[in-house]
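The values are calculated or read from the model by the stated rules, or taken from the named source; none is laboratory data. Not measured: the values here are computed from a predicted model. Cβ: placed from backbone, ideal geometry, glycine included. Neighbour counts: every protein chain shown.
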Amino acid sequence: MSAATARRDWSPRKRPRSAVWSAPYHAWTYGLDGALLYAEHMGSDFDRTCHGLPKIHVRSLAGLLFVCFADESPADFDEMARVAAHYIAPHNVAGCKVAHQIDLIEEGNWKLTIENNRECYHCSLSHPELTASIFEYGFGFDAEENDPARIAQWQSYDVMVECCCASWDRNGFPSREIGHLDDMVSGFRIGRMPMDKDGESQTLDTKIACRKLLGQATEKRLGDLSFHTQPNSWHHFMSDHIVTFAALPLSPDRTLLRTKWLVHRDAIEGIDYDLDNLVQVWRETNIQDGRLVGLAQAGAAVAGYVPGPYSLQTESQVEKFVNWYVQRLAALAGP
Amino acid sequence: MSAATARRDWSPRKRPRSAVWSAPYHAWTYGLDGALLYAEHMGSDFDRTCHGLPKIHVRSLAGLLFVCFADESPADFDEMARVAAHYIAPHNVAGCKVAHQIDLIEEGNWKLTIENNRECYHCSLSHPELTASIFEYGFGFDAEENDPARIAQWQSYDVMVECCCASWDRNGFPSREIGHLDDMVSGFRIGRMPMDKDGESQTLDTKIACRKLLGQATEKRLGDLSFHTQPNSWHHFMSDHIVTFAALPLSPDRTLLRTKWLVHRDAIEGIDYDLDNLVQVWRETNIQDGRLVGLAQAGAAVAGYVPGPYSLQTESQVEKFVNWYVQRLAALAGP
Amino acid sequence: MSAATARRDWSPRKRPRSAVWSAPYHAWTYGLDGALLYAEHMGSDFDRTCHGLPKIHVRSLAGLLFVCFADESPADFDEMARVAAHYIAPHNVAGCKVAHQIDLIEEGNWKLTIENNRECYHCSLSHPELTASIFEYGFGFDAEENDPARIAQWQSYDVMVECCCASWDRNGFPSREIGHLDDMVSGFRIGRMPMDKDGESQTLDTKIACRKLLGQATEKRLGDLSFHTQPNSWHHFMSDHIVTFAALPLSPDRTLLRTKWLVHRDAIEGIDYDLDNLVQVWRETNIQDGRLVGLAQAGAAVAGYVPGPYSLQTESQVEKFVNWYVQRLAALAGP
């Protein structure tokens, strides 16, 4: 498969919607394989076969498309795909449609967007909508905690995880967490976690947002299968919908966060799902995170900025993102 | 004549409207020859003669003003002027008024604005208003064309050009194309071309937009006298109005396109011309071109951008603009 | 006292409002002395005493707060403070409240904002509201003036200054001008000047804007105590209100001008003062100056820009600002 990179006619916003794609400037027309099919006025010496679209690496992982612009794509992609597809396949991405997309521009470097995504230390303070369904215990716990009530909650959360995971595994929805965030080039972490209250979906009332369940799901309470990849994507799979995120750098201090909400392709808006209810939690959570990213960017830009340590208990995945990034830079720099 | 460059009082937007000009900050006041006439509070030791406005090169070509900021202006300007004045003078620019001006900011480098102006390969796809009057045949034809209908159209266009030009020449409106786009410092191309349908003017209905004809014109069908200059202006002269364009770089990736519509100075808006009808074609065409320039800028800024060849048949004037620019850079760099 | 600089949680817009301050990202909580009081999830090895807010230099001068981010604050601050406090104290800044604040972004380098502030050569041309109350004679006079009417005005102004200052000094409101604009690191100029017409305040009608007089004031006509400091603040103290200005660089070509209007803390809006009448003069004057700063920035950015001399009679304080700045740069560069 080829990228929509057409000589100087290239438009980053224009993508093939039909079998062939025509560039907006001079109507050079390409096939889905990237071959230049038609270019008017170029004369008899013009060799169309030399002017196809450049090839880039694109892979489907259980329906999620991963793109790599490097000359060589990561050798261990298949290893990640083999593991993750096992978890994702039962949600049947190919049987979904995109119900909604929001592009949010955050006023910060893309690494701040990812650092923010890789910890939930900030969740209880900033995310009232998200914490209606997710448990903060899933993101690390204070070993020095001595409040008996909190310790009891934490222990009961661990019991719930054991119990839910066993049940999901039996029913064909793998759940055990597997993480290779900084020991693979295709760094990732995947795992299924129970959610709070009704525990069905990441909605304000924690119930499903869409009546048509996905893929093999027959039960509403399938928890949150979260899939995080290095360097710039994350995904939540539930029984009724999927939310998928990509952070795309626009400049050193601006980042585009593209979020898509997927539901069963036969689900009908207004009947099977209410769009506002479907998108509310992550739409608001993204805005809240974008504000934090902007503050972190502004803070780090100040002459008096001094870096501090991460929390060992709740920010280990931030540490792993940084490790991964430093390793990739080192590989790029060479020995 | 002098530029409005007044010490730190200089304002690029403020131009002399009367015999003298006063700077907006401290009211230093200058004559039309640039001499400092008045500066309050500067004491007896202050020598006004040392603080006049700097001289720049300004020349009138049949009423069009050309400005040059270089220390030495092009030695061959007179050669261009002698040729072009012969074509332009019958339209009597000095007898016109500016009926309208639009400043459009394009999100691209100024050279992309000019490249876009120097080819009509993109016209049929992007310019429904402009192609109501102009013929695409005037901008190059596909030598491999084998559609008999198109070949017949092209041949009949050539006959029309011969016939129209002979008539215009006889009536004192020179028409034969002369081009020195990359073999002179004052690079230019000038020529008169017939237009489609009623063929009177660059309007949607191809009829004149202003009832008062310009200068020596007694006939409405004088075609389109187009005058292109390196590096940054172009002009269309018709029987009833003139449209004149200047591309001014604002930054490496932004360009101001200033467009002026001129009509007979005695023409009255609402009676002799309808302003919207007068400006519609180029107002819309500029917006369409600005969008293409923005796409080209965005495309060229992408890491994967690969330059491609120009069309020999329809983009030869783009090639000549690039040649001219490279020659000027080489001259600047020295041997 | 400590700055609100909290690790990566730092937000330049968030300032302590209560005895402790909590950072918006991870809720690290600080005391007013900058000590880190609370940080969740950081583990037992985490030493809170190593992560307090960095100290910066803050000094109060009769209620005006001066901040210095350098490692060493100016050694001669106390010398400036000792002199200036004597003038300012009778206005009792501590007994005031901020009635209004306007943040204006000027499209120019901060030094242009200050240069504009340090001369009134431009006032008669640009500031109709401000010149209702201030005398241009207070900012230098043309020694070559030969208009008898203007000379008479100037002489009568000098008599008025002598007369007013003697009266103010007797009543405990020091007035004689003292200036150390370029012979101290803490460069400043302070002095009290009479105002025009009713002469009470910098308002359109030159009468007080607030009925509750400040501090020890019993008389409305206390003139304008102006206090200018290097590099970036100025202040006007009147019998009824204070206006205080700080120019803060945002980038090389953008400056934030923050202006605050202070009135007696017991004054009630709508009863003791009309807010629009209070702020009108400087709100409009700032907008006018911002426009001049933008023109000066645009003019200086043009290739043809040539610097010119300052007026010896009305721009000596601009000259002193430049001297001060060059001296500070030289000190930074070292021998």
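To keep it simple, each residue is scored yes or no on (1) crowded, with 18+ Cβ neighbours inside 10 Å; (2) at pLDDT 85 or above.
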position	(1), (2)
A:6	yes, no
A:23	yes, yes
A:41	yes, yes
A:54	no, yes
A:58	no, yes
A:61	yes, yes
A:64	yes, yes
A:80	yes, yes
A:84	yes, yes
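Filtering the stretch A:149-203 to residues that are charged (D, E, K, R) and closer than 16 Å to residue A:90 by Cα leaves A:169, A:170, A:176, A:192.
Being at pLDDT 95 or above, closer than 13 Å to residue A:137 by Cβ and hydrophobic (A, V, I, L, M, F, W, C) holds for only one residue in A:184, A:195, and it is A:195. Selection within the stretch C:89-104: residues that are part of a strand (DSSP E or B) and either in contact with a helix residue (DSSP H, G or I) (Cβ under 8 Å, 6 or more places away or on another chain) or polar (S, T, N, Q) (or both). The member of this set that is surrounded by the most Cβ atoms within 10 Å (Cβ to Cβ) is C:99. Restricting attention to the stretch B:281-335, the residues that are among the hydroxyl-bearing types (Ser, Thr, Tyr) and under 16 Å from residue A:28 (Cα atoms) add up to 4. Scanning the stretch A:250-270 for residues that are hydrophobic (A, V, I, L, M, F, W, C) and touching a residue at least 12 places away in the same chain (Cβ under 8 Å) yields A:250, A:256, A:257, A:261, A:262, A:263, A:267. For beta carbons closer than 7 Å, sequence separation of 6+ or different chains, a first residue in the stretch A:225-249 that is touching a residue at least 60 places away in the same chain (Cβ under 8 Å) and within 19 Å of residue A:103 (Cβ to Cβ) and a second that is part of a strand (DSSP E or B) and among the basic types (Lys, Arg), the qualifying pairs are A:244/A:260; A:248/A:258.
Let's see how each residue does on (1) within 14 Å of chain C (Cβ to nearest Cβ); (2) modelled with pLDDT of 95 or more; (3) within 27 Å of residue A:325 (Cα to Cα):
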{"site": "A:130", "(1), (2), (3)": "no, yes, no"}
{"site": "A:134", "(1), (2), (3)": "no, no, no"}
{"site": "A:144", "(1), (2), (3)": "yes, no, no"}
{"site": "A:147", "(1), (2), (3)": "yes, no, no"}
{"site": "A:151", "(1), (2), (3)": "no, no, no"}
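Under the condition of being facing another protein chain (nearest Cβ under 10 Å), part of a helix (DSSP H, G or I) and not aliphatic (A, V, I, L, M), the residues counted in the stretch C:107-122 number 2. Residues that are aliphatic (A, V, I, L, M) and without any contact (Cβ under 8 Å) to a residue 24 or more places away in the chain were ranked within the stretch C:142-189; the one that is surrounded by the fewest Cβ atoms within 10 Å (Cβ to Cβ) is C:149.
Could you check, for the stretch C:107-117, whether at least one of its residues is at positive phi and out of contact with any His (no Cβ under 7 Å at 6 or more places or on another chain)? No, the stretch C:107-117 contains no residue that is at positive phi and out of contact with any His (no Cβ under 7 Å at 6 or more places or on another chain). When residue B:157 is tested against (1) assigned to a loop (DSSP other than H, G, I, E, B); (2) over 30 Å from residue B:325 (Cβ atoms), just one condition goes unmet, and that condition is (1).
Condition check for residue C:321 on (1) of a type outside the set (Ser, Thr, Tyr); (2) crowded, with 16+ Cβ neighbours inside 10 Å; (3) within 14 Å of another protein chain (Cβ to nearest Cβ): one failure, at (3). If the condition is being surrounded by fewer than 16 Cβ atoms within 10 Å (Cβ to Cβ) and touching a helix residue (DSSP H, G or I) at 6+ places or on another chain (Cβ under 6 Å), then the stretch B:241-286 contributes B:249, B:265, B:269. Among the residues in the stretch B:300-315, are any more than 9 Å from chain A (Cβ to nearest Cβ), β-branched (Val, Ile, Thr) and surrounded by fewer than 20 Cβ atoms within 10 Å (Cβ to Cβ)? No: zero hits. Remark: pairs (first residue in the stretch C:52-79, more than 14 Å from chain A (Cβ to nearest Cβ) and touching a residue at least 24 places away in the same chain (Cβ under 8 Å); second residue among the small types (Gly, Ala, Ser) and in a loop (DSSP other than H, G, I, E, B); Cβ separation under 8 Å; 6+ apart in sequence or on different chains) = C:74/C:186; C:76/C:186; C:77/C:186; C:79/C:186. From the list C:327, C:280, the lone residue that is touching a residue at least 60 places away in the same chain (Cβ under 8 Å) and either within 14 Å of chain B (Cβ to nearest Cβ) or more than 19 Å from the chain's Cα centre (by Cα) (or both) is C:327.
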